[in-house]
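Just so it is clear, none of the values below were taken in a lab; they were calculated from the coordinates. This one's a predicted model, so the numbers in the text were calculated from it and none came from an experiment. Counting neighbours? That spans all protein chains shown, and the Cβs are built from the backbone with ideal geometry, glycine included.
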Amino acid sequence: MIPLPEAQSFVLERCPARSPIEMPFEETAGLVLAADVVASELVPPFDNTAVDGYAVIAADVAAANHQPVDLKVVTEVAAGAATDRVLARGEAIRIMTGAPIPAGSDAVVMVEDSEMVGDDVVRLSSSVKPGDAVRPAGDDVRPGEVVLPAGTLITPPVLGVLAMVNALTVSVYPKVRAAVLSTGDELVDDGRPLAPGEIRESNRRMLSLALQDAGCEVIDLGTVRDDEAELEEVLRSAAADYDVVVSSGGVSMGDYDVVKAVLGRIADMRWMQVAIKPAKPFAFGLLDGTPVFGLPGNPVSSFVSFEVFTRPALKQMMGSPRLARPSVVGIADVALERRRDGKTHLLRVQAEFADDGRCHVVPVRAQGSHQLAATSSATAIAVVPDGDGVPVGGEVAVLLLLS
């Protein structure tokens, strides 16, 4: 059997990042920056107020904490407006959050510390120092600063920063275009009653959503019959048109399956037995330079294989600096039993952060490689090394599945 890290390295070495492209920043949500974003403007572009209140000369209200001060209100400035009035001693300007600080003023008194005592007179009851409630120009970003380094995932706040610094076009790693298919005359996906020996197709639908969740553009090629010529045509076309091909089934040792027969003939494939449970059988290779992932047919094995092999490779192809799922140290609330067999066991578990601040895990009710219904309730995978398992209260590495 092949150690898990060796199999993962074999795949990652053959799945380099895609070539970056330039895109309008509005279209880049969920992608990864391929180059630093450098500011060309001050942010904010001018000194502005952090509060609603009155722009003043700080010296005029130096004693206001002890003796309120009356000032003449000479004008008002709303956000998005400005004034050319230069503030003089004994004057105040009503100002709204985000508005430019008027010339002559050096601080702002909050509106909560004010009271109008006439049509144009305000009484201020709070002292301020120069610079209080003033956000200087460039306080957030200055020209020449790297505001977003390469490798940054474009989240909603990051997209906001791109708009804020006027980065209209940015260099990003494009989405992987992933073709997914299932094969087998026994698979039924049209809802009709099952005949003897038939089963409902589920892996393709599951993998399609997993690919989408990983950030890919997914192309569903449907179910291909057990016909070598038809399968070869589908695979060659997919490898020519898309960035990766994902299929499930026909990768176990000793299987005679059209997938193995066809890929073994037309692609440079490696058929592996990986030292993990479930998902020991796994195939990976290149068809005309396009990565092909051959996942096991058992649905739980297919899901786990996707998580430990396919998803990290896709993340790397899309420029992500973090390939693996978030990992934490979990506490086993029940014993995670196993026997020594030379494999790492990947148990599907329900993980929850408790009041003690630690992640507690409990296995889902069934761990069979065919029992997808039980696995569907899992929120994490516990990585249990070869040995005698983890006792109650013991620590275990946990991969969190929920984004």
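The three principal axes of the C-alpha atoms in the chain carry coordinate ranges of 93, 51, 42 Å, sorted with the longest axis first. Annotation: the antiparallel percentage among DSSP beta bridges lying fully within the chain is about 70.
Separation of segment 165-232 from segment 12-85 is 45 Å, based on Cα centroids. Annotation: the residues 216, 15, sorted from fewest to most other C-beta atoms within 10 Å of their own C-beta, follow the order 15, 216. Relative to the Cα centre, the charge distribution of the chain, modelled as +1 at Lys and Arg Cβ and -1 at Asp and Glu Cβ, gives a dipole magnitude of about 1220 debye.
Here the spin labels are modelled as points 7 Å beyond Cα on the Cα-Cβ line, and at residue 129 and residue 229 they lie 8.6 nm apart.
The Cβ shell under 15 Å around residue 139 holds other residues with a net charge of -3, Lys and Arg each +1, Asp and Glu each -1. What's the FRET efficiency of residue 86 with residue 339 using the Cβ-Cβ distance as r and R₀ = 56 Å, to the nearest 0.05? Efficiency, rounded to the nearest 0.05: 0.10. In terms of the mean number of neighbouring beta-carbon atoms within 10 Å, the peptides 102-111, 380-389 order highest first as 102-111, 380-389. Projected label points at residue 186 and residue 29, each 7 Å from Cα along the beta carbon direction, are separated by 4.2 nanometres. Counted by Cβ distance under 13 Å from residue 165, the other residues give a net charge of -3, where Lys and Arg count +1 and Asp and Glu count -1. For residue 148, the amide hydrogen comes within under 5 Å of the amide hydrogens of 37, counting only partners 5 or more places away or on other chains and with H modelled in the peptide plane.
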